[in-house]
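**Student:** Got a structure here, written out as structure tokens. Questions coming.
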Amino acid sequence: MSSFRYLPMTDEDQVNMLKTIGAGSIGELFADIPASVRYQGDLPIEEALNETALLKEMSRLEKKNVHTKDYPSFLGAGVYEHYIPSVVNHMLLRSEFYTAYTPYQPEISQGELQGIFEFQSMICELTGMEVANSSMYDGPTALAEAAMMAAGHTKKTKILVSEAVHPEAREVLATNARAQRLELVEIPLKDGMTDIDKLRSSLDENVGSVLIQYPNFFGQVEDLQSIEEIVHNEKAMFVVSSNPMSLGVLQAPGHLGADVVVGDAQPFGIPSQLGGPHCGYFAVNKKLMRKVPGRLVGETEDRHGQRGFVLTLQAREQHIRREKATSNICSNQALNALAVSISMSLLGKQGFRELSEQNIQKAHYAKRKLKENGVPVVYETPFFNEFVIQLTKPVKEVNESLLAEGMIGGLDLGRFYRGREDQMLAAVTELRTKEEIDRFTTVLGGLI
């Protein structure tokens with residue numbers, strides 16, 4: 001009998017296997033590898049524990065963690081703590097969903113395919129676009145894929161991206177652009193938003209796409225209508241990365257002229273879970289339908305006239321002619337997309353709008369209380385549920401003090417932007433209570 005649940009091989013099994021292949025020991029299996037390149041000695045790791053002892057040790061380590069069930073969190077920056085209806089997990093953990101793989105055989109995958117189709121439909125309605133794919137890995141991946149698609153569609157080699165786009169998304173974008181030999185130009189900020197004058201002067205005939213975040217990384221609401229006019233005057237494609245929760249109250253990017261709308265659907269039904277996995281969404285207007293990476297689910301009828309669902313418009317070169325593929329993504333986050341569909345269905349239009357309004361109201365209440373407690377807020381322009389706070393000491397130091405008071409502080413902007421070491425990006429979602437906000441603002445006021 002093995003002592004380890006996930007390593008079922010016993011010592012007797014090992015002896016029999018070595019005997020079968022004619023090896024006297026495990027060492028003989030590696031005899032052809034020169035001793036000079038082999039590690040000599042034992043790896044500096046602890047001895048293996050049996051299952052009972054291991055569970056106790058992991059439980060002890062788990063209790064050291066600080067998490068949002070015990071500590072109210074004011075950290076956002078791309079991953080948010082939102083209300084998740086309890087029904088979401090009850091449905092996700094059904095075995096036919098939880099263990100499902102790619103639905104290549106529609107006749108036995110109708111439930112999975114319908115869940116994806118509903119996801120696509122709701123994303124289209126949310127973004128104001130005509131076509132959405134069946135999801136992507138996450139928001140940054142979706143943004144990079146949008147830029148690559150735009151380059152392929154326009155045959156232009158330059159990408160303009162605002163510095164108000166999430167820094168980690170820009171890193172993913174830079175990696176993709178470098179591999180495709182595309183030029184990436186960053187447009188600087190002005191008062192926490194994209195500098196429109198710099199954008200206008202940077203546009204030329206080689207620009208294939210302009211990438212804007214809405215609301216942007218600092219929580220500010222960009223003027224998409226003005227940007228759209230500038231971008232399309234130069235025949236470039238307008239790509240908007242948007243927090244879907246904000247679209248319950250903000251005008252949909254598709255109604256403001258966006259060619260592509262992408263983002264991370266994590267705010268709907270997907271917990272923070274240490275930063276992933278997430279679910280990216282990708283929506284376009286109809287003329288780009290055949291350029292979309294990944295896969296789409298279509299609605300059809302069977303020979304009996306019954307409603308049915310199938311995978312359709314798959315970019316087959318992604319599966320077969322890999323050297324000519326325009327995208328490396330031919331899969332999707334089906335389980336997380338299902339969580340998003342369930343969450344949005346349960347909320348409904350009215351519930352969704354109420355959730356978005358609560359984010360705005362509570363964030364603006366927090367901003368007002370901070371100012372009353374002597375904490376300056378950097379920008380006074382419209383924002384959704386995040387804003388930048390000016391501190392008098394490093395954010396890391398302030399966050400340590402907040403943690404000691406039982407709260408998780410905001411993001412240290414100095415991690416990504418030079419000269420912002422004393423600025424914190426704070427997020428306030430609908431889950432924060434008045435008491436939690438009051439305590440956060442009072443404690444923060446006392447710390448600076």
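**Student:** Tell me, which strands (runs of 3 or more DSSP E) lie completely within the range 117-231 with 1 or more residues that are touching a residue at least 60 places away in the same chain (Cβ under 8 Å)?
**Tutor:** Fully inside the range 117-231 and qualifying: 158-162, 207-214.
**Student:** Within the range 103-117, track down each residue that is farther than 28 Å from His166 by Cα and touching a helix residue (DSSP H, G or I) at 6+ places or on another chain (Cβ under 8 Å).
**Tutor:** Across the range 103-117, the qualifying residues are Pro103, Pro106, Gly111, Glu112, Leu113, Gly115.
**Student:** Whether any residue in the range 91-103 is at pLDDT 95 or above and among the charged types (D, E, K, R) is what I want to check.
**Tutor:** Looking through the range 91-103, none of the residues is at pLDDT 95 or above and among the charged types (D, E, K, R).
**Student:** A follow-up question, please. Output the qualifying pairs, or none if there are none: Cβ atoms under 9 angstrom, residues six or more apart or on different chains, first residue in the range 269-284 and touching a residue at least 40 places away in the same chain (Cβ under 8 Å) and open to solvent by 10 Å² or more (accessible area, probe 1.4 Å), second residue of a type outside the set (Ser, Thr, Tyr) and in a strand (DSSP E or B).
**Tutor:** Here the result reads His278/Asp264, each pair linking the range 269-284 to a residue that is of a type outside the set (Ser, Thr, Tyr) and in a strand (DSSP E or B).
**Student:** Further question: Could you check the range 45-96 and list, in sequence order, the residues that are in contact with an Asp or Glu (Cβ under 7 Å, 6 or more places away or on another chain) and of a type in the set (A, V, I, L, M, F, W, C)?
**Tutor:** Of everything in the range 45-96, just one residue is in contact with an Asp or Glu (Cβ under 7 Å, 6 or more places away or on another chain) and of a type in the set (A, V, I, L, M, F, W, C), namely Leu49.
**Student:** Additional query: So, in the range 225-256, of the ones that are touching a Phe, Trp or Tyr at 6+ places or on another chain (Cβ under 6 Å) and surrounded by fewer than 24 Cβ atoms within 10 Å (Cβ to Cβ), which residue ends up nearest to Val378 (Cα to Cα)?
**Tutor:** Ser246
**Student:** Of all residues in the range 121-135 being surrounded by 23 or more Cβ atoms within 10 Å (Cβ to Cβ) and under 17 Å from Leu247 (Cβ atoms), which is modelled with the lowest pLDDT?
**Tutor:** The residue in question is Ser135.
**Student:** Let me ask another. Going residue by residue through the range 331-344, is there one that turns out to be in a helix (DSSP H, G or I), surrounded by fewer than 21 Cβ atoms within 10 Å (Cβ to Cβ) and modelled with pLDDT of 95 or more?
**Tutor:** no
**Student:** Name every residue in the range 257-291 that is among the aromatic types (Phe, Trp, Tyr), assigned to a loop (DSSP other than H, G, I, E, B) and touching a strand residue (DSSP E or B) at 6+ places or on another chain (Cβ under 8 Å), in order of residue number.
**Tutor:** Residues satisfying the conditions do not exist here.
**Student:** If Asp138 meets every condition in (1) out of contact with any Ser or Thr (no Cβ under 9 Å at 6 or more places or on another chain); (2) surrounded by fewer than 19 Cβ atoms within 10 Å (Cβ to Cβ); (3) of a type outside the set (S, T, N, Q) apart from one, which number is that one?
**Tutor:** Asp138 satisfies all of (1) out of contact with any Ser or Thr (no Cβ under 9 Å at 6 or more places or on another chain); (2) surrounded by fewer than 19 Cβ atoms within 10 Å (Cβ to Cβ); (3) of a type outside the set (S, T, N, Q) except (2).
**Student:** Then there is this: Under 7 Å by Cβ, and 6 or more places apart or on different chains, what pairs join a residue from the range 352-363 that is of a type in the set (Val, Ile, Thr) with one that is open to solvent by 20 Å² or more (accessible area, probe 1.4 Å)?
**Tutor:** That search, which allows pairs on different chains as well, returns Ile360/Val249.
Results for (1) open to solvent by 10 Å² or more (accessible area, probe 1.4 Å); (2) part of a strand (DSSP E or B); (3) at pLDDT below 95, shown as yes or no for each residue.
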{"site": "Val398", "(1), (2), (3)": "no, no, no"}
{"site": "Leu402", "(1), (2), (3)": "no, no, no"}
{"site": "Arg418", "(1), (2), (3)": "yes, no, yes"}
{"site": "Met424", "(1), (2), (3)": "no, yes, no"}
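**Student:** Of everything in the range 421-438, what is in contact with a Ser or Thr (Cβ under 9 Å, 6 or more places away or on another chain) and over 13 Å from Gly410 (Cα atoms)? Give them in sequence order.
**Tutor:** Answer for the range 421-438, where residues must be in contact with a Ser or Thr (Cβ under 9 Å, 6 or more places away or on another chain) and over 13 Å from Gly410 (Cα atoms): Glu430, Leu431, Arg432.
The values are calculated or read from the model by the stated rules, or taken from the named source; none is laboratory data. Nothing here was measured: the structure is a model prediction, and the numbers come from that model. Because the Cβ atoms are built from the backbone with ideal geometry, glycine has one as well, and the counts that use them run over all protein chains shown. The protein model used for the area step is the full one, side chains on, heavy atoms only, and it has no ligands, DNA or RNA in it. Shrake-Rupley method; radii C 1.70, N 1.55, O 1.52, S 1.80 Å.
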